[in-house]
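Any read-out appearing in this document is the output of simple, stated calculations on the displayed coordinates, not a laboratory observation. This one's a predicted model, so the numbers in the text were calculated from it and none came from an experiment. Cβ coordinates were reconstructed from backbone atoms using ideal geometry, including for glycine residues, and neighbour counts include every protein chain displayed.
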Amino acid sequence: MVLLHKFTMKVRVFLLMLAVFSRGLAQVEENEADQLQVETLAKPETCSVLSTVGDTLRIHYTGRLMDGKVIDSSLSRDPLIVELGKRTVIPGLEQSLIGVCEGQKIKATIPSHLAYGKKGYPPTIPGDAALEFEVEVISVAQQTQWQKIINDVFPLVCLALVPTLLGLVGLYLYKKANAQKPSKKKSKDKKSKRNKD
């Protein structure tokens with residue numbers, strides 16, 4: 001009886017460990033589907049400049065649903081100009097373009113929450129659709145110091161100016177409201193003095 005009890009206890013522990021392990025594998029597969037995946041298809045031998053936020057890229061791309069249906073392509077048009085950090089493309093595509101170099105080709109598998117989300121983009125892209133983009137980076141133009149100042153400092157200056165301007169308008173209105181108005185009696189006295197003269 002004790003032997004049977006030990007055996008069933010070992011079987012229970014084994015089954016519990018098996019359940020935990022299989023749950024862990026399922027979570028890994030689920031997490032991989034929720035994350036952006038970027039695969040390098042071709043990279044030039046020398047890559048002296050990697051793209052960073054603020055850089056301007058010219059790219060050619062082909063976007064597909066996971067079943068292979070093409071949803072958009074720039075191959076028959078001029079290259080798309082993307083300024084990283086300006087949110088001109090879907091978040092997953094923008095994130096996949098950080099750290100690439102001129103001449104590089106990538107394939108990005110973008111989960112729905114980094115693409116068009118639950119609503120999709122009817123009728124072309126259904127809701128909760130993951131997308132796959134093949135991208136060729138035609139050129140990378142790094143952000144100049146002036147662009148960096150304009151992009152980083154200018155919005156802060158504008159943000160500081162708004163309360164200042166509101167304060168000045170408020171001060172003007174306050175002074176205007178509290179300015180002494182000539183009383184009616186003084187106005188009558190001045191008119192009567194003029195009439196006497």
Restricting things to Cα coordinates, could you compute the convex hull volume per residue of the stretch 29-154 in Å³? 129 Å³
DSSP-assigned coil residues among trypsin sites (Lys or Arg not before Pro) in the stretch 33-118, each with at most 16 further Cβ atoms within 10 Å: K69, R77, K86, R87, K118
